[in-house]
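The values are calculated or read from the model by the stated rules, or taken from the named source; none is laboratory data. Because the structure is predicted, anything quoted here is derived from the model rather than measured. Methodologically, a virtual Cβ is constructed for each residue, glycine included, from the backbone with ideal geometry; neighbour enumeration extends over all protein chains shown. When the accessible area is computed, the model is the full protein with side chains, heavy atoms only, and any ligands, DNA or RNA have been set aside. Shrake-Rupley method; radii C 1.70, N 1.55, O 1.52, S 1.80 Å.
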Amino acid sequence: MLIKRAADIRPSEITPRAAWEDRRRFLQHAGAYALAAGGLALPDAASAQTQPGWREKLPSVRPWPQSTKEPQNTFEQVTSYVNFYEFGTDKSDPLKNSKNFRTRPWTLSIEGEVRKPRTFGIEELLKLAPIEERVYRLRCVEAWSMVIPWAGYPLAELLKQVEPTGNARFVEFYTLHDPQQMPGQKQAVLEWPYVEGLRMDEAMHPLTLLTLGLYGELLPNPNGAPVRMIVPWKYGFKSGKSIVRIRLTERMPVTSWVRSAPQEYGFYSNVNPKVDHPRWSQARERRIGEFFKRETLMFNGYAEQVASLYTGMDLRKFF
Ligand SMILES: Nc1nc2c(c(=O)[nH]1)N[C@H]1C(S)=C(S)[C@@H](COP(=O)(O)O)O[C@H]1N2
Ligand SMILES: [Mo]
């Protein structure tokens with residue numbers, strides 16, 4: 001690896017601007033990077049995705065009555081306008097660079113403060129509880145949003161299988177670490193693997209979705225196949241992709257974004273139009289496909305369901 005931890009990487013790699021700077025550095029060091037990045041130059045965007053799981057129907061999906069009725073973003077938008085830094089920092093990178101990502105076999109282990117630590121195969125996960133299609137809003141901290149028909153079941157269904165102990169106060173989610181398959185991990189954009197976390201009550205909340213599908217099909221690779229989190233009232237980065245390990249802990253996890261830029265990203269990261277990001281406003285957002293910006297709603301529109309989790313907490317302090 002040529003570039004271990006570039007000192008000039010700006011704190012917020014999550015911003016489009018940072019991604020642009022990244023690209024500029026890429027051009028400046030094109031020769032060196034070409035060697036270092038190796039697998040980044042994968043097949044072009046136009047070529048069809050052929051890996052197993054691409055556009056494969058989920059056997060049975062029942063509608064979820066509380067889905068938002070807002071117009072949905074298209075499959076093409078959801079799979080091509082993507083943040084998944086393991087496959088590159090441009091929105092369009094993951095679609096092309098994840099083409100050969102292998103999601104079978106796949107296991108998810110659950111450990112830490114549980115009475116029955118266990119490893120689940122992906123086939124087991126697909127059968128563990130009835131899969132619902134839940135149309136949720138997803139709002140990125142970069143101030144864009146989409147409406148997406150995810151498929152899955154509450155994470156609580158999985159966690160109750162392993163019997164959390166009384167010491168379990170937080171849940172940590174680990175993305176796969178495999179630089180051979182995930183070329184973005186050859187660059188120190190973040191510390192790998194990607195780690196996210198929730199407080200136990202957030203993890204057990206019925207809106208918190210263990211996500212296995214999208215548009216009635218198995219989760220596409222750019223969106224975190226074969227299993228990811230979706231936490232609809234928090235900024236998108238809380239919803240880790242391609243998860244292989246879940247750990248229940250007594251202490252608050254240090255998440256990837258908190259580690260890389262603690263002054264910009266907090267552990268909670270609830271969508272909150274009143275708490276600006278240090279470098280830009282969070283008051284409004286652009287729905288992908290729309291021209292005019294719309295106002296961002298408290299807790300991304302899920303206040304009625306989740307506000308009580310935070311009673312008595314100063315959400316400017318615990319951002
Ligand atoms: N492992 C991993 N998970 C991740 C990310 C990432 O780069 N790596 N990006 C996050 C961000 S910033 C967002 S907005 C959402 C985007 O999910 P989507 O691309 O499926 O819409 O994934 C989140 N989960
Ligand atoms: Mo994001």
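What number goes with the only condition from (1) away from ligand 2 (no atom under 16 Å from the Cβ); (2) part of a loop (DSSP other than H, G, I, E, B); (3) more than 14 Å from Phe84 (Cα to Cα) that Gly266 does not pass?
So the condition that Gly266 fails would be (1).
Taking the conditions exactly as written (buried (at least 17 other Cβ atoms within 10 Å of the Cβ), within 12 Å of ligand 1 (Cβ to nearest atom) and without any contact (Cβ under 8 Å) to a residue 40 or more places away in the chain), does Val244 satisfy them or not? First the steps, then the outcome.
Values: buried (at least 17 other Cβ atoms within 10 Å of the Cβ): yes; within 12 Å of ligand 1 (Cβ to nearest atom): yes; without any contact (Cβ under 8 Å) to a residue 40 or more places away in the chain: no.
Here the answer is no, as Val244 does not meet what is asked.
With the checklist (1) open to solvent by 10 Å² or more (accessible area, probe 1.4 Å); (2) assigned to a loop (DSSP other than H, G, I, E, B); (3) touching a helix residue (DSSP H, G or I) at 6+ places or on another chain (Cβ under 8 Å) in hand, flag the one item Asp201 doesn't pass.
Here Asp201 clears every test but (2).
Can you name the residue in region 234-254 that is of a type in the set (Lys, Arg) and under 8 Å from the mean Cα position of the chain (by Cα) and is also nearest to ligand 2 (Cβ to nearest atom) among such residues? It would help to see each step written out before you state the result.
To start, the set of residues in region 234-254 that are of a type in the set (Lys, Arg) comprises 234, 238, 241, 245, 247, 251.
Those left that are additionally under 8 Å from the mean Cα position of the chain (by Cα): 238, 241.
Values: Lys238: 9, Lys241: 11 Å.
My answer is Lys238.
Please name all residue pairs, on different chains or six or more residues apart, with Cβ atoms under 6 Å, provided the first residue is in region 136-150 and is of a type in the set (S, T, N, Q) and the second residue is more than 8 Å from ligand 2 (Cβ to nearest atom) and assigned to a strand (DSSP E or B).
So the pair list comes out as Ser145/Arg137; Ser145/Arg139; Ser145/Glu285; Ser145/Arg287.
From the list Glu191, Glu157, Glu250, Glu163, pick out the single residue that is acidic (Asp, Glu) and either open to solvent by less than 20 Å² (accessible area, probe 1.4 Å) or within 30 Å of Asp90 (Cβ to Cβ) (or both).
Numbers: Glu157 fails: either open to solvent by less than 20 Å² (accessible area, probe 1.4 Å) or within 30 Å of Asp90 (Cβ to Cβ) (or both); Glu250 fails: either open to solvent by less than 20 Å² (accessible area, probe 1.4 Å) or within 30 Å of Asp90 (Cβ to Cβ) (or both); Glu163 fails: either open to solvent by less than 20 Å² (accessible area, probe 1.4 Å) or within 30 Å of Asp90 (Cβ to Cβ) (or both).
When all the criteria are applied, what remains is Glu191.
crowded, with 16+ Cβ neighbours inside 10 Å, at pLDDT below 95 and over 27 Å from Tyr265 (Cβ atoms): which single residue out of Leu27, Leu42 fits that description?
Working: Leu27 fails: crowded, with 16+ Cβ neighbours inside 10 Å.
Among Leu27, Leu42, only Leu42 is crowded, with 16+ Cβ neighbours inside 10 Å, at pLDDT below 95 and over 27 Å from Tyr265 (Cβ atoms).
Matching residues to (1) closer than 25 Å to Arg62 by Cβ; (2) at pLDDT 95 or above; (3) in contact with a strand residue (DSSP E or B) (Cβ under 9 Å, 6 or more places away or on another chain); (4) among the small types (Gly, Ala, Ser):
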{"position": "Glu111", "(1), (2), (3), (4)": "no, yes, yes, no"}
{"position": "Ile122", "(1), (2), (3), (4)": "yes, yes, yes, no"}
{"position": "Glu142", "(1), (2), (3), (4)": "no, yes, yes, no"}
{"position": "Leu155", "(1), (2), (3), (4)": "yes, yes, yes, no"}
{"position": "Gly184", "(1), (2), (3), (4)": "no, yes, no, yes"}
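Val231 versus (1) within 16 Å of ligand 2 (Cβ to nearest atom); (2) in contact with a Gly (Cβ under 8 Å, 6 or more places away or on another chain); (3) among the hydrophobic types (A, V, I, L, M, F, W, C): which is the lone unmet condition?
Evaluating Val231 over (1) within 16 Å of ligand 2 (Cβ to nearest atom); (2) in contact with a Gly (Cβ under 8 Å, 6 or more places away or on another chain); (3) among the hydrophobic types (A, V, I, L, M, F, W, C) leaves (2) as the failure.
Any idea which residue in region 70-82 is nearest to ligand 2 (Cβ to nearest atom), counting only those that are touching a Pro at 6+ places or on another chain (Cβ under 8 Å) and open to solvent by 40 Å² or more (accessible area, probe 1.4 Å)?
If we take residues in region 70-82 being touching a Pro at 6+ places or on another chain (Cβ under 8 Å) and open to solvent by 40 Å² or more (accessible area, probe 1.4 Å), then Ser80 is nearest to ligand 2 (Cβ to nearest atom).
Looking at (1) part of a strand (DSSP E or B); (2) away from ligand 2 (no atom under 16 Å from the Cβ), which one does Thr211 not meet, given that it meets all the others?
(2)
Restricting to region 234-260, name every residue that is closer than 14 Å to Thr211 by Cβ and in contact with a Cys (Cβ under 8 Å, 6 or more places away or on another chain).
Gly236
With the requirement that a residue be open to solvent by 10 Å² or more (accessible area, probe 1.4 Å) and away from ligand 1 (no atom under 16 Å from the Cβ), what does region 141-154 give you? Steps first, please.
Step one: of region 141-154, the residues open to solvent by 10 Å² or more (accessible area, probe 1.4 Å) are 142-144, 154.
Selection gives Pro154 alone.
Evaluate the following for Glu304: is it surrounded by fewer than 16 Cβ atoms within 10 Å (Cβ to Cβ) and either of a type outside the set (A, V, I, L, M, F, W, C) or at pLDDT 95 or above (or both)?
On the way: surrounded by fewer than 16 Cβ atoms within 10 Å (Cβ to Cβ): yes; either of a type outside the set (A, V, I, L, M, F, W, C) or at pLDDT 95 or above (or both): yes.
Yes, satisfied.
Say whether the condition of being within 16 Å of ligand 1 (Cβ to nearest atom), closer than 24 Å to Gln180 by Cβ and part of a helix (DSSP H, G or I) is met by at least one residue in region 97-116.
Taking every residue of region 97-116 in turn, at least one turns out to be within 16 Å of ligand 1 (Cβ to nearest atom), closer than 24 Å to Gln180 by Cβ and part of a helix (DSSP H, G or I).
What number of residues in region 269-298 are open to solvent by 80 Å² or more (accessible area, probe 1.4 Å), of a type in the set (Asp, Glu) and outside any loop (DSSP other than H, G, I, E, B)?
1
Since Glu172 meets every condition but one in (1) open to solvent by 20 Å² or more (accessible area, probe 1.4 Å); (2) within 19 Å of the chain's Cα centre (by Cα); (3) among the acidic types (Asp, Glu), which condition does it not meet?
Failed condition: (1).
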